[in-house]
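Reading through the structure tokens given below for one structure.
The values are calculated or read from the model by the stated rules, or taken from the named source; none is laboratory data. Note that the coordinates shown come from a computational prediction; the quantities given were computed from them, not determined experimentally. No Cβ is skipped: glycine too gets one built from the backbone with ideal geometry, and neighbour counts run over all protein chains shown.
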Amino acid sequence: MKKINGFSLIESILSLSTLLIICTVLFPFLWNLINRLDNEREQTMLYQKMYDEVKLFSGHPIKIHSRNEEIEIKASKGGWIICGKRKQQVCLPF
């Protein structure tokens, strides 16, 4: 009897199709995760810039325009509010 070395054609096709199914299922999850991480990174950078502006605030309302977002410090009823906008507007009291 001849000894078979390696995999047969059917085993190779089944293993490749299993790998393809796994990759097809995982790709949308990974894409969604990457998009969410990118959005969170942008939001965190906006919060950091807003915090820096609050630290540098000199007592009068100013409006600052940068490349991708707008940071504005304005007076309101209860005190001062800082607003930043990238994809959506975020306003925080300080």
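Taking the conditions exactly as written (part of a helix (DSSP H, G or I) and either at pLDDT 95 or above or not small (G, A, S) (or both)), does S12 satisfy them or not?
Details: part of a helix (DSSP H, G or I): yes; either at pLDDT 95 or above or not small (G, A, S) (or both): no.
No, not satisfied.
Looking across the range 1-43 at every residue that is exposed (fewer than 10 other Cβ atoms within 10 Å of the Cβ) and among the hydroxyl-bearing types (S, T, Y), the one that is farthest from K85 (Cα to Cα) is identified as S8. Residues that are among the basic types (K, R) and either touching a helix residue (DSSP H, G or I) at 6+ places or on another chain (Cβ under 9 Å) or at pLDDT 65 or above (or both) within the range 26-63 comprise R36, R41, K49, K55, listed in sequence order. The numbered conditions (1) modelled with pLDDT of 75 or more; (2) exposed (fewer than 15 other Cβ atoms within 10 Å of the Cβ); (3) within 25 Å of D38 (Cα to Cα) are all true for S66 except (1).
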